[in-house]
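> Here's a structure for you.
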Amino acid sequence: MYGGGNTFEGVKTDSVATEDPVLLAEFEARIARGEKIEPSDWMPQLYRKQLIRMIEQHAHSEIIGALPEGTWITRAPGFKRKMALMAKVQDEVGHGQLLYSAAETLGKSREQMIDDLISGKSKYSNIFNYPTFTWADCCFISWLVDAGAIVNQLANAKGSYGPYCRALERICAEESFHLKYGHHCVIYLAAGTQKQRQLFQEALNRWWPPMMHFFGPSDKISTHTEVLMRWKVKMGTNDEMRNQFLDMYVPKIWELGFTIPDPKLKKNTGTGLWEYTEPDWEEFKRVINGGGPCNQERLEVRRIAEERGKWVREALKSAKTTYVTPLA
Amino acid sequence: MNSLDPRVSRLPEIGKPGVILPKIPLDQFASFEVFVQPREGKPFQHEGIVHAPNIDMAYIFAKENFTRRFTCTSLYVAETRNVYVSSTTDGERNAYDLVADVSTSGVNDEYEIFHLVKRGKQHIAVGTVMAGSPEEAMSTARKMFNTKLVYNIWAVKRSNIRLTTPEELDLWTTLPEKRFRDAGDYKGGDKLKDFLDKQKLTS
């Protein structure tokens with residue numbers, strides 16, 4: 001799940017001007033040829049910094065994203081759904097580990113990343129700052145939030161950094177189960193009783209605005225990312241990703257007879273692009289900066305887990321092994 | 001905490017919100033490189049890393065994280081610092097061209113050799129050489145395996161690898177039964193069709 005709506009710092013392109021021009025030209029030529037960058041290769045500071053930031057955010061999103069769904073494992077309807085949801089949550093946490101490892105190859109330790117998550121310095125996907133009131137909310141995440149993440153991840157898997165691409169290939173393969181499972185859950189709600197249908201319709205109404213936020217701010221207001229696109233760190237603009245998601249999933253939602261709470265939503269047959277009410281970007285900013293309904297709870301759960309696990313780590317520590325930066 | 005989830009509400013209060021208590025040294029576990037054999041007769045390939053306090057736990061974490069769904073026939077792990085790494089090259093430059101000649105020491109330790117033949121892909125095991133040091137292993141590997149362009153070479157002493165023992169080979173035999181992990185187990189097509197047919201009838 002969950003690589004979406006990354007926030008990039010304002011790119012200061014003047015930092016690129018101080019890089020060695022010969023090495024920079026070689027680096028750019030390699031990317032232009034479609035070759036991957038490996039950890040031992042030379043890379044501009046800006047590339048390293050933005051990649052760490054992006055992969056780290058993605059990893060945190062997997063870990064935090066497991067919380068709103070994890071809370072439904074004990075209450076999932078029936079044994080089979082419980083088993084499936086447990087497997088899915090386990091996958092998400094596993095994806096977090098794969099991504100932390102990929103970010104580590106760039107020189108930031110996992111320990112530091114976890115600390116930065118808990119202290120609120122690093123961000124994660126904004127959508128997980130909203131609560132899952134009912135089973136239908138959980139189904140919305142399994143199907144549509146995962147679908148949105150897959151759109152992003154498939155694009156990012158074609159990026160330029162070798163270890164990130166390899167992690168994403170693995171992740172995308174596992175996501176196909178999540179997507180099928182999520183769709184299966186929603187079909188059963190749609191084909192169920194009036195009450196079940198209503199449950200999902202209400203979840204859809206609640207989650208649609210954060211879902212639109214998921215792909216990040218509109219291209220009109222988002223920071224300049226041209227250099228990141230050229231270096232294949234970012235593989236598409238936020239609006240392109242949002243459009244691709246709408247294209248693939250709005251028809252599937254309508255097919256099930258649900259309504260999407262946006263009267264302006266329609267596909268412009270001329271341009272092939274979707275038209276929609278502009279999401280509330282002030283709300284997005286407020287939530288990403290800690291003002292959402294669940295921000296504090298999500299981080300507290302992580303922090304308490306970290307503190308409670310301390311004695312286990314202490315009991316296991318051994319001077320016989322040492323940490324070094326992983327290879328690939 | 002006041003949460004929708006009663007289990008979260010019941011969590012004990014520890015420390016101050018947002019403040020992480022200082023960590024003990026070595027809190028950061030060592031990293032281990034994970035290699036998986038996808039099928040019988042196929043070479044082992046690098047899959048990623050795990051963090052663990054020792055090599056046996058690294059093996060268990062590797063099994064959980066890398067063979068949960070992609071089942072395999074075997075798995076091994078080695079601590080990252082025990083992997084000897086050559087320079088990385090690109091274009092037409094062969095990494096073996098940068099490997100220095102080392103005279104034979106006569107010591108016969110086994111070293112596993114891995115090649116990166118395409119940037120962006122995994123390192124793949126090519127075979128074993130006998131040597132007295134990793135440098136010598138690289139030098140010997142150049143004589144034995146230098147048949148096509150490679151961009152990076154790894155050498156790992158076999159005694160530093162935690163292998164899968166014959167008794168452990170049944171670790172993966174339970175996986176095919178876990179159908180609930182497979183996308184193929186969620187066929188909603190019929191249910192969806194019935195639903196759509198019914199909708200048509202009523203409208």
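The values are calculated or read from the model by the stated rules, or taken from the named source; none is laboratory data. Bear in mind that the values here come from a model prediction, so they are computed numbers and not experimental data. Every residue, glycine among them, receives a Cβ derived from its backbone with ideal geometry; neighbour counts consider all protein chains shown. Accessible surface is based on the protein model in full, side chains and every heavy atom, while ligands, DNA and RNA are left aside. Shrake-Rupley method; radii C 1.70, N 1.55, O 1.52, S 1.80 Å.
> Against the definition (crowded, with 19+ Cβ neighbours inside 10 Å and under 30 Å from B:Pro22 (Cβ atoms)), how does A:Ile171 come out, yes or no?
On the way: crowded, with 19+ Cβ neighbours inside 10 Å: yes; under 30 Å from B:Pro22 (Cβ atoms): no.
No: the conditions fail for A:Ile171.
> Here's something else I'd like to know. Any residue at all in the stretch B:85-102 that's open to solvent by less than 70 Å² (accessible area, probe 1.4 Å), more than 13 Å from chain A (Cβ to nearest Cβ) and either touching a residue at least 60 places away in the same chain (Cβ under 8 Å) or of a type in the set (Phe, Trp, Tyr) (or both)?
Checked against the condition, which is being open to solvent by less than 70 Å² (accessible area, probe 1.4 Å), more than 13 Å from chain A (Cβ to nearest Cβ) and either touching a residue at least 60 places away in the same chain (Cβ under 8 Å) or of a type in the set (Phe, Trp, Tyr) (or both), the stretch B:85-102 yields at least one hit.
> For residues that are at the interface with chain B (Cβ under 8 Å from one of its Cβ atoms) and either open to solvent by 30 Å² or more (accessible area, probe 1.4 Å) or touching a strand residue (DSSP E or B) at 6+ places or on another chain (Cβ under 8 Å) (or both), tally how many sit in the stretch A:302-321.
Start the filter on the stretch A:302-321 by keeping residues that are at the interface with chain B (Cβ under 8 Å from one of its Cβ atoms), which leaves A:303-304, A:306-308, A:310, A:313-314, A:316-321.
Now drop any that are not either open to solvent by 30 Å² or more (accessible area, probe 1.4 Å) or touching a strand residue (DSSP E or B) at 6+ places or on another chain (Cβ under 8 Å) (or both), which leaves A:308, A:310, A:313-314, A:316-321.
Summing the residues that are at the interface with chain B (Cβ under 8 Å from one of its Cβ atoms) and either open to solvent by 30 Å² or more (accessible area, probe 1.4 Å) or touching a strand residue (DSSP E or B) at 6+ places or on another chain (Cβ under 8 Å) (or both) in the stretch A:302-321 gives 10.
> Then there is this: Give the residues of the stretch B:1-58 that are open to solvent by less than 50 Å² (accessible area, probe 1.4 Å), among the polar types (S, T, N, Q) and more than 7 Å from chain A (Cβ to nearest Cβ), sorted by residue number.
Those that are open to solvent by less than 50 Å² (accessible area, probe 1.4 Å), among the polar types (S, T, N, Q) and more than 7 Å from chain A (Cβ to nearest Cβ): B:Ser9, B:Gln37, B:Gln45.
> When the stretch A:65-97 is examined, which residues are found to be under 17 Å from A:Trp143 (Cα atoms) and of a type in the set (Val, Ile, Thr)?
A:Thr71, A:Ile73, A:Val89
> So, in the stretch A:191-212, exactly how many residues are farther than 14 Å from A:Leu144 by Cα and surrounded by 23 or more Cβ atoms within 10 Å (Cβ to Cβ)?
Number of matching residues: 0.
> Is it true that A:Leu265 is over 30 Å from A:Tyr164 (Cβ atoms) and touching a strand residue (DSSP E or B) at 6+ places or on another chain (Cβ under 8 Å)?
yes
> Mind checking which residues of the stretch A:213-237 are in a helix (DSSP H, G or I) and either of a type in the set (D, E, K, R) or open to solvent by less than 60 Å² (accessible area, probe 1.4 Å) (or both)?
Once the filter is applied, which keeps residues that are in a helix (DSSP H, G or I) and either of a type in the set (D, E, K, R) or open to solvent by less than 60 Å² (accessible area, probe 1.4 Å) (or both), the stretch A:213-237 yields A:His213, A:Glu226, A:Val227, A:Leu228, A:Arg230.
> Also: Are there any pairs, at least 6 apart or on different chains, whose C-beta atoms fall under 6 Å, with the first in the stretch A:109-124 and closer than 18 Å to A:Ala66 by Cα and the second of a type in the set (Ser, Thr, Tyr) and modelled with pLDDT under 90, and if so, which?
A:Lys123/A:Thr7
> Consider the stretch A:34-80. How many of its residues are among the aliphatic types (A, V, I, L, M) and open to solvent by 20 Å² or more (accessible area, probe 1.4 Å)? Working first, answer last.
Taking the stretch A:34-80 as the starting set, the residues that turn out to be among the aliphatic types (A, V, I, L, M) are A:37, A:43, A:46, A:51-52, A:54-55, A:59, A:63-64, A:66-67, A:73, A:76.
Those still in the list that are open to solvent by 20 Å² or more (accessible area, probe 1.4 Å) too: A:52, A:63, A:67, A:73.
Of the residues in the stretch A:34-80, 4 are among the aliphatic types (A, V, I, L, M) and open to solvent by 20 Å² or more (accessible area, probe 1.4 Å).
> Would you pick out the residues in the stretch B:158-203 that are outside any helix (DSSP H, G or I) and either within 14 Å of chain A (Cβ to nearest Cβ) or in contact with an Asp or Glu (Cβ under 6 Å, 6 or more places away or on another chain) (or both)?
B:Arg162, B:Thr174, B:Lys178, B:Asp182, B:Tyr186, B:Lys187, B:Gly188, B:Ser203, listed by residue number.
> Same structure, new question: Pull up the stretch A:288-298, narrow it to residues that are more than 7 Å from chain B (Cβ to nearest Cβ) and open to solvent by less than 40 Å² (accessible area, probe 1.4 Å), then point me to the one that is nearest to A:Ser40 (Cα to Cα).
Residue satisfying both the conditions and the ranking: A:Ile288.
> Do you know which residues across the stretch A:153-168 are in contact with a strand residue (DSSP E or B) (Cβ under 9 Å, 6 or more places away or on another chain) and either free of Cβ contacts under 8 Å to residues at least 60 places away in the same chain or in a helix (DSSP H, G or I) (or both)?
A:Gly162, A:Pro163, A:Arg166, A:Ala167
> Okay, moving on. What is the number of the single condition among (1) within 14 Å of chain B (Cβ to nearest Cβ); (2) farther than 28 Å from A:Leu199 by Cβ; (3) without any contact (Cβ under 8 Å) to a residue 60 or more places away in the chain that A:Thr269 does not meet?
Failed condition: (1).
> What do you reckon, is B:Phe61 closer than 15 Å to B:Arg162 by Cβ, open to solvent by 10 Å² or more (accessible area, probe 1.4 Å) and without any contact (Cβ under 8 Å) to a residue 60 or more places away in the chain?
Values: closer than 15 Å to B:Arg162 by Cβ: yes; open to solvent by 10 Å² or more (accessible area, probe 1.4 Å): yes; without any contact (Cβ under 8 Å) to a residue 60 or more places away in the chain: yes.
Judged against the criteria, B:Phe61 is a match.
> Okay, next question. Answer yes or no: is there a residue in the stretch A:256-268 that is part of a helix (DSSP H, G or I) and of a type in the set (D, E, K, R). Give the steps one after another, and end with the answer.
In the first step, residues of the stretch A:256-268 are kept if they are part of a helix (DSSP H, G or I); the result is none.
No - not one qualifying residue is present in the stretch A:256-268.
Conditions tested, residue by residue: (1) under 21 Å from A:Leu106 (Cα atoms); (2) within 12 Å of chain B (Cβ to nearest Cβ); (3) of a type in the set (A, V, I, L, M, F, W, C); (4) surrounded by fewer than 23 Cβ atoms within 10 Å (Cβ to Cβ).
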{"position": "A:Lys123", "(1), (2), (3), (4)": "yes, no, no, yes"}
{"position": "A:Phe133", "(1), (2), (3), (4)": "no, yes, yes, yes"}
{"position": "A:Ile141", "(1), (2), (3), (4)": "no, no, yes, no"}
{"position": "A:Leu144", "(1), (2), (3), (4)": "no, no, yes, no"}
{"position": "A:Gly148", "(1), (2), (3), (4)": "no, no, no, no"}
{"position": "A:Leu154", "(1), (2), (3), (4)": "no, no, yes, yes"}
{"position": "A:Ala157", "(1), (2), (3), (4)": "yes, yes, yes, yes"}
